[in-house]
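For reference, the structure discussed in these notes is given below.
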Amino acid sequence: MEVICSIDTKCSDQISLLLKPPSHMQVQKYFENLIAIKKCQGIRVIPNGDYGKGVYANFNFKEGDLVLKDPMLFGIQHSSNKMDCLVCSHCFRFIGSVELQIGRKLFLQNLGDFPDKKHEISNALKGCSDHEDESDIELDEQDKEQCGTSGLKDKVVALPKDLIDSLMNGSFQLPYSDQFQLPLTVSCPGGCQEAFYCSNSCAEADWNSYHSLLCTGKGTKTLSTDALLEFIKHANETNDIFLLAAKVISFTILTYRKLKEAYLEGKETYDGPNLLDSCHFPLLLKAWEPVSMGYKRRWWDCISLPDDVDYANEATFRLQVKELAFTSLQLLKAAIFDPECEPLFSLEVYGHIIGMFEQNNLDLVVESPVENYFLYIDDLQPPEKEKVEQITGPFLDALGEDYSNCCEGTAFYPLQSCMNHSCSPNAKAFKREEDTDGQATLIALRPIQKGEEITISYIDEELPYEERQALLADYGFRCKCPKCIEEEQRSS
Ligand SMILES: C[S@@+](CC[C@H](N)C(=O)[O-])C[C@H]1O[C@@H](n2cnc3c(N)ncnc32)[C@H](O)[C@@H]1O
């Protein structure tokens, strides 16, 4: 059965305007401004290259030079990764302390069902924060029994619960951990126990940009916390890309409200015809501008067919994806709907937002300081190394193989997402030692001359030709880079 979203019909004119690709002039102006603000003068975005817009060198770069640091516009840590790493919900830097990271992971891996344990987690964070946490919820008897003593996964070694607690509350310090200091945790200003930050400025920026509408705490600006919790639960159980789409919608609504306030105070003007006086639609278009620049296709049209779905069932699969998006959208609408921003709640817009992440496919990865900590201990000289390992060894054993998982998620980077693909790229995303947050860092793989296009590889470029082309088909193109042309000619 076809999915019908009434807003798609009701707001069709505004939706067309929101989804219309920006003109070359708009692209040029937007990126010139962004590059000036971000002070990344080494690049230019040119709107009308061979494959739409692309990024070009504005300087000569040597091999290994930093080409660009690109702060994300929207990002999420994967729900499944939240158990492994405690990171700032805004910049994705690791927070607390090495002890907290280790203790929290041991604590959570023994609790089992993570999403339902937020009170316990919050309680556990007491003493590792620069804020007094008001929550005084106690673990129930079953949890107390489980934690650190039973219910442990295979291969990992049990540690006493008191020891895990003392790691988390800061009363136990691991040797040499002062060499790996992390920012203290700052709680969410809305009082939820989901978001934590590395600084007040990150907490404030996140609140003002997205989180005030998506917070489940007492200070939230959401319409219904229950509806929001339902939306989050659905996303966690199906696809956490919906959480990222919710951030985009929340960002646009909050930006629209700020623009409207400034407009009503006479501080903001807008050009062009006033399409809908009551909702200041041109202001909504302006709030949407950063999103309008991202390359987009409808999610259910562009998502690749999973290996276990037969081509004969493709139409059914795409319809199921559309239905899933519709269910998610209805839950989000119940939580944060704003009638002045109604077109944002159309399935057409929601599908394109999610499709934007699908087409740009930019991984968010931040290395864990826990890995560096254990590497440092491993590099100590005897007899100090043996002495220290007597203390750290049991923790390493208890953590098991995944002792140093990175922070992993999905993000949208405004400049990196303008970079076209090459199977023989001249730049790549690469985190240096000093890159400890979620910004994208692009490094030159070989000398790049001023005026040359800067390309990255969207896939593993070492794969054989046919496999590369199959993976790139998900992005809607066959690669015609020199390496592909040469390999194609050789095989024919
Ligand atoms: C992340 S965007 C890159 C920016 C894009 N050119 C734009 O105009 O916004 C990815 C899309 O760019 C196009 N693209 C990127 N690299 C390409 C290539 N080597 N050949 C053909 N199209 C490419 C494809 O349409 C792809 O889905």
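The values are calculated or read from the model by the stated rules, or taken from the named source; none is laboratory data. Since the structure is predicted, the reported quantities are computational estimates derived from the model, not experimental observations. All Cβ positions, glycine included, derive from the backbone under ideal geometry; neighbour counts span all protein chains shown. Each accessible area value is taken on the protein alone, full model and side chains, heavy atoms only, with ligands, DNA and RNA left out. Shrake-Rupley method; radii C 1.70, N 1.55, O 1.52, S 1.80 Å.
The table below gives the values:
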read-out: Debye log10 I(q)/I(0) at q = 0.20, 0.21, 0.23 Å⁻¹ for the range 210-323, Cα point scatterers; value: -1.13, -1.16, -1.24
read-out: Computed [θ] at 222 nm, deg cm²/dmol, the chain (DSSP H ≥ 4; -39,500 (n - 2.57); rounded to nearest 500); value: -12500 deg cm²/dmol
read-out: Additional length obtainable on full extension of the chain from K385 to E488, 0.36 nm per residue less Cα span; value: 31.7 nm
read-out: Net charge of Cβ neighbours under 12 Å - reference L324; Lys, Arg +1; Asp, Glu -1; value: 0
read-out: Difference of contour (0.36 nm per residue) and Cα-Cα distance, E261 to D435; value: 59.0 nm
read-out: Entries in K296/K431; K29/K450; K20/K267; K29/K431; K10/K286; K322/K428 that, when Cα-Cα distance is taken, lie over 25 Å; value: K296/K431; K20/K267; K29/K431; K322/K428
read-out: Rounded Å value of the spacing that divides the Cα centres of the range 166-196 and the range 59-96; value: 19
read-out: Axial C-alpha extent at least 30 Å, average Kyte-Doolittle at least 0.5 - helices from the chain (DSSP); value: 241-264, 314-336
read-out: Cα-projected label distance for N208 with S224, points at 7 Å along beta-carbon direction, nm; value: 3.1
read-out: Residue-span extension gain [L471 to L319] - 0.36 nm each, minus C-alpha spacing; value: 52.5 nm
read-out: Shape of the range 264-390, Cα gyration tensor, a/c cut at 1.5; value: oblate
read-out: Charge sum, other residues only, whose C-beta stays under 10 Å from D378's C-beta, Lys/Arg counted +1 and Asp/Glu -1; value: -1
read-out: With every protein chain in place, the chain: carbon and sulfur % of accessible area (1.4 Å); value: 50
read-out: Proximal charge balance of F94 [Cβ under 10 Å; K/R count +1, D/E count -1]; value: -1
read-out: At 0.890 mPa s and 25 °C, Stokes D of the range 17-57 from Kirkwood alpha-carbon radius, µm² per second; value: 227
read-out: Spacing of the two label points (7 Å from each Cα toward its C-beta) at T269 and Y56, in nm; value: 3.3
read-out: Solvent-accessible heavy-atom area per residue, rounded to whole Å², over the chain at 1.4 Å; value: 48
read-out: Prolate/oblate/rounded label for the range 1-112 (Cα gyration tensor, a/c 1.5); value: oblate
read-out: log10 of Debye I(q)/I(0), alpha-carbon scatterers only, for the chain at 0.07, 0.12 Å⁻¹; value: -0.43, -1.22
read-out: Percentage relative contact order, the range 155-310, counting C-alpha pairs under 8 Å, at least six apart; value: 12
